[in-house]
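In what follows, a single structure is set out as structure tokens and then discussed.
The values are calculated or read from the model by the stated rules, or taken from the named source; none is laboratory data. Everything numeric in this text was worked out from a predicted model, so none of it was measured. Every residue, glycine as well, gets a Cβ built from its backbone with ideal geometry; the counts of neighbours run over all protein chains shown. Note: areas computed on protein heavy atoms with side chains; ligands, DNA, RNA excluded. Shrake-Rupley method; radii C 1.70, N 1.55, O 1.52, S 1.80 Å.
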Amino acid sequence: MNKLWEEFKKEAEVDLQSLMPKDSLNKNFWNKKMRLKEPLRQKLMQIAKDFFESLNLPEETELKDVTVTGSTASYNWSKYSDIDLHLILDFSQINKNQDLVKEYFGGKIFVWNNKHNIRMNDHEVEVYVQNENEPHTAAGVYSVLNGAWIDQPIKAEFEIDLATTKKKADHLIDQIERVFDFFESREYPKTMAAANKLKEKIKEMRRAGLADEGVYSPENMAFKLLRRSGHIELLQKMITKSYDKMMSLHKDVRGTLKIMISNLEDEINEMFDPIVEEANFQRRMKRKYFLKKKWLVGQGNQKNSTPYKVKPSYKRSKSAPAGFGGS
């Protein structure tokens, strides 16, 4: 089986219940007065200052604020939540071309987050530079600099539409796995085109959901589910690795070029082939089985107790049920 899929499968797990709002903020971060615990606040401020200094900005550039936002600062936290640490700056203090400034920060953020792996209470710290005039949609925003809420989160008085969320996530998972079929067949141009188009579709879906119903919209929840299951990362890896393959010269370059040249002809002449479709179907079913069993029997926080001390295996059974196979 493809190495990329094996890497993905090790981390993949779908937990619908993790999307449900909690009754309280994460007690590992917040005290009873709903303030960020002081040792954590000081650590986060130090990280923000160190990152700010690494940006090498003009001396007159002011660090307006440092905030924690996202699910960690809301009732929507889970074991998957990152600590979104935002440095608030006025981009116009740096350069009139704010798009250029944003591009510069994007590179600095990428290098910092890849160079460092800072975790607090088993949650990863992700830094981000935010323009003070940039619109930001979040259930909660806390000023680490001032030790006070800017936007205090409110408990959701409704249930998340898990059925619609799952339906949207299932559809997108199917699309991602079909893109993976291109990658597995070494059709790298097709992979890049399809993956980039799907990535943009997911981005627009999430944006529309946030604008319409906010952070608890099925669209945003489906995105979170895909990110937690590893499908978003898989999609991005397919884009990166496909590009690398297309730009590399290796022993299979003739075959790769042949595939690239024949793509247009394939799309014109493509017709239904039951043998090919059966093979594709079986391959997808084999990959989906692991995740589907996780989905059905692996979710929930219940502890194993007698007589069920061990959780069931997620591997596919090698033998058929009684009565099958002509016996």
Any hit, the range 151-160, residues being of a type in the set (Val, Ile, Thr), in contact with a Ser or Thr (Cβ under 8 Å, 6 or more places away or on another chain) and buried (at least 16 other Cβ atoms within 10 Å of the Cβ): no
Subset tally (residues that are assigned to a loop (DSSP other than H, G, I, E, B), more than 24 Å from the chain's Cα centre (by Cα) and either more than 22 Å from MET34 (Cβ to Cβ) or of a type outside the set (A, V, I, L, M, F, W, C) (or both)) for the range 114-154: 5
Count of residues meeting criterion [in a strand (DSSP E or B) and either more than 29 Å from LYS224 (Cβ to Cβ) or open to solvent by less than 10 Å² (accessible area, probe 1.4 Å) (or both)] in the range 51-90: 8
Flag for SER18 being closer than 30 Å to LYS167 by Cα and either at pLDDT 85 or above or part of a loop (DSSP other than H, G, I, E, B) (or both): no
Residue selected from the range 120-149 under the condition modelled with pLDDT of 85 or more and aliphatic (A, V, I, L, M), by the criterion surrounded by the most Cβ atoms within 10 Å (Cβ to Cβ): VAL127
Pairs where the first residue, in the range 232-254, is farther than 26 Å from MET221 by Cβ and assigned to a helix (DSSP H, G or I) and the second is open to solvent by 90 Å² or more (accessible area, probe 1.4 Å) and modelled with pLDDT of 85 or more, C-beta under 9 Å, 6+ apart: LYS245/ARG186
Residues being assigned to a helix (DSSP H, G or I) and either acidic (Asp, Glu) or buried (at least 18 other Cβ atoms within 10 Å of the Cβ) (or both) - total across the range 176-188: 9
Some residue of the range 221-231 being part of a helix (DSSP H, G or I), closer than 16 Å to VAL179 by Cα, open to solvent by 40 Å² or more (accessible area, probe 1.4 Å) and at pLDDT 85 or above: no
Within the range 163-184, tally of residues that are of a type in the set (D, E, K, R) and farther than 11 Å from LEU225 by Cα: 6
Which listed residue, of GLU213, GLU267, GLU277, is open to solvent by 40 Å² or more (accessible area, probe 1.4 Å), under 30 Å from PRO135 (Cα atoms), at pLDDT below 75 and not hydroxyl-bearing (Ser, Thr, Tyr): GLU213
Boolean, GLN93 is within 23 Å of GLU59 (Cβ to Cβ), at pLDDT 85 or above and open to solvent by 40 Å² or more (accessible area, probe 1.4 Å): yes
Answer from MET34, MET45 - the residue that is at positive phi and either in contact (Cβ under 8 Å) with a residue 40 or more places away in the chain or not in a loop (DSSP other than H, G, I, E, B) (or both): MET34
